[in-house]
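Right, one structure below, let's go through it.
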């Protein structure tokens, strides 16, 4: 096959895939149903692999499809399906446009030691210790974090800008959405990777994919035995070298008529470039050298750094001020465990399956899921954790459990979720407004969906909260609503292993239906 | 100062005899002239929410007595919770719809609906049935989930609450119609007219931590007062309020109370719930501040049974 349509086909498919990923991560209106999100995520290699490891069913075997695809066609996954790869292609194209004359690619030797060491270490660490290194290096999760941490806030800011203008014209079809940033430290790793991958792809095409990305390396190994691959017809080739210069993987050694299939991502650009029609995509039968490159894009880097580091501040500025009660509360909340999202089963189970792709963080309609800092320990960094100072878990919602691609959060029906206790309520009477100020409050009990927090008579006409841990599901609405500062008078302590909450029992009121007006 | 003069004049005929005793002067006056109505309060029992409203408002001369042609109207229901209509944590959508229809019939140019919800606002708007009902009747359903929609106002004379941030549409509209649902409340014991105002302000936490009952009463000093309070007592949550747990919390009272005096409205609502008015602390506080009359036995009430 040497049709230039192959390249068009690749661009078309990858554009669709990229747009889908962009939409599911940037969907601040939460309109996309989970089932569609799951379809888009099905073929993501690492999430699917983890999901399969967890479930063992072939319904979760998207990775096998990828392996078969790779065995047939080489690393086409990297060009067609990997959102991070497609994103890099877009970025490197922008790079190419900005400096047209500049020859960025050309055949280079592979970073054999680096890439195989990374793969080997990753596999060893994952088997012995858990997914923690994978969390850092899974391309899908890296992409997810870029979208969640950097792109979505920008999309929301644009939305807010437009919503503001529309509001002036009395149109309220778009609503203003508060941008809530995460803790500064949570940005450190995504910023680092964003700069690394951004610069590498801007200047050197797919270098990240061929040097660092473990999925790329693994699929590259398999590609060495793939059936279809890019080949050069020696008799037709005039050794003009255009293919090599145009190859973003820097894998075509035109002098030797050799294509390094372990690095070729199947973009088919070379087929279009070749004026001799010597390059084709065909069945294997049975080829090394040009060097050049480099330039610093100071402006680009400056811009990115400013943007990346600026975002948290923009977001900070939009945070609402906490209410200020008259007297500061004095007793510190004594949290022994973080609260892990529903569907996680237990903190331990959750920690070993989550690659911190942040899809749940961006999909959570209430923004209660926040990237963890050290709540789960160093290894659980960036994994989602419930933050009840920021928000609370909506009683009627199971979104995070439905979309998790690695099955770290297992699907829960709404009925099951409403009885899943992810933490337990703790009341600190000495911090409570009712006791310290001797005035009515009840914000906690009012918010409680199960009435695990209820009010009992206190001094005079006052009512004070009391708790029934058995029916508490740990949603954190009470903690969020509690107006005391700096310490809350009520808080949820995480359950290391999720438990079953009892169903709230309700008795019919004795009040009768009035037949006459009581006034 | 035209508006102020108008207010002063219309107040002369006002029903607030006790008002003269209190400190403030014009803060306690109604924005719409209650003098026009034959009754201080209309109470209807025995029908569907929309039918009861049709009948009740007729006794007050129709909504046209409160809305002039071309005016912008704010209808403020309670949409606080992500709860279905049958469980009555939010104002009945049928009632909201019918009120909006009457607004347009009275010549309203635009009708707006919003609430600063407690649960996730998108879910609340949707699952309460109010968004659909209000849009169906031609109203604009407006978000209230972000601080950008709120503007700082002063409350002169407020004891605890001296300023607040209120939704811009409360300030921009000409007529304000308060449509609370009567419910049990876990700390104030009842929520109805005055308590419903916690849904037009941004920072509720301040109220909770600075004497909730006093703040609720203080807010009623703010000059933008409801022309009408329409209290939904169709399905009444008599326990586990304001959110409720299940249908066991609900008593179907099939009633509706319409009044310009929100303190009187709250006092009547308290009777519906069977709670002594004195126990719902913000009512006597508001009464003493001259914000309305909780002595409902002295009011001219039209009672209708369907």
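Bear in mind these aren't lab numbers, they're just calculated from the coordinates by the rules spelled out. Treat the numbers as computed from the prediction; the structure is a model and nothing was measured. Glycine also receives a Cβ, built like all others from the backbone with ideal geometry; neighbour counts cover every protein chain displayed.
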Hits in region B:199-218 - residues which are more than 8 Å from chain A (Cβ to nearest Cβ) and crowded, with 24+ Cβ neighbours inside 10 Å: B:200, B:207, B:215, B:216, B:217, B:218
From A:113, A:8, residue being surrounded by fewer than 16 Cβ atoms within 10 Å (Cβ to Cβ) and within 20 Å of residue A:262 (Cβ to Cβ): A:113
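Within region A:324-383, track down each residue that is in a helix (DSSP H, G or I) and within 14 Å of another protein chain (Cβ to nearest Cβ).
If the condition is that a residue be in a helix (DSSP H, G or I) and within 14 Å of another protein chain (Cβ to nearest Cβ), then A:363 is the only one that fits.
Would you call residue B:53 away from chain A (no Cβ under 14 Å), buried (at least 20 other Cβ atoms within 10 Å of the Cβ), on the phi < 0 side of the Ramachandran plot and in contact with a strand residue (DSSP E or B) (Cβ under 7 Å, 6 or more places away or on another chain)?
Judged against the criteria, residue B:53 is a match.
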Qualifying residue in region B:245-256 (condition: surrounded by 24 or more Cβ atoms within 10 Å (Cβ to Cβ) and more than 9 Å from every other protein chain (Cβ to nearest Cβ)): yes
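Of all residues in region A:384-403 being part of a helix (DSSP H, G or I) and within 14 Å of chain B (Cβ to nearest Cβ), which is surrounded by the fewest Cβ atoms within 10 Å (Cβ to Cβ)?
Among residues in region A:384-403 that are part of a helix (DSSP H, G or I) and within 14 Å of chain B (Cβ to nearest Cβ), the one surrounded by the fewest Cβ atoms within 10 Å (Cβ to Cβ) is A:399.
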Some residue of region A:424-433 being assigned to a loop (DSSP other than H, G, I, E, B) and closer than 17 Å to residue A:349 by Cα: no
Set A:218, A:196: member being surrounded by fewer than 18 Cβ atoms within 10 Å (Cβ to Cβ) and within 32 Å of the chain's Cα centre (by Cα): A:196
Lone unmet requirement of (1) more than 8 Å from every other protein chain (Cβ to nearest Cβ); (2) touching a helix residue (DSSP H, G or I) at 6+ places or on another chain (Cβ under 9 Å); (3) buried (at least 21 other Cβ atoms within 10 Å of the Cβ) for residue A:431: (2)
Test for residue A:13: is it assigned to a helix (DSSP H, G or I) and either touching a helix residue (DSSP H, G or I) at 6+ places or on another chain (Cβ under 9 Å) or more than 28 Å from residue A:198 (Cα to Cα) (or both): yes
Conditions (1) part of a loop (DSSP other than H, G, I, E, B); (2) touching a strand residue (DSSP E or B) at 6+ places or on another chain (Cβ under 8 Å); (3) within 14 Å of chain A (Cβ to nearest Cβ); number of the one not met by residue B:182: (1)
Hits in region A:67-81 - residues which are surrounded by 23 or more Cβ atoms within 10 Å (Cβ to Cβ) and in a helix (DSSP H, G or I): A:70, A:76, A:77, A:78, A:79, A:80
Helices (runs of 4 or more DSSP H) lying entirely in region B:91-173 (those with 3 or more residues that are farther than 30 Å from residue B:285 by Cβ): B:93-105, B:121-127, B:130-136
Selection count, region A:41-63, where residues are outside any loop (DSSP other than H, G, I, E, B) and surrounded by 15 or more Cβ atoms within 10 Å (Cβ to Cβ): 14
Number of positions in region B:93-143 that are out of contact with any strand residue (DSSP E or B) (no Cβ under 9 Å at 6 or more places or on another chain) and within 12 Å of chain A (Cβ to nearest Cβ): 11
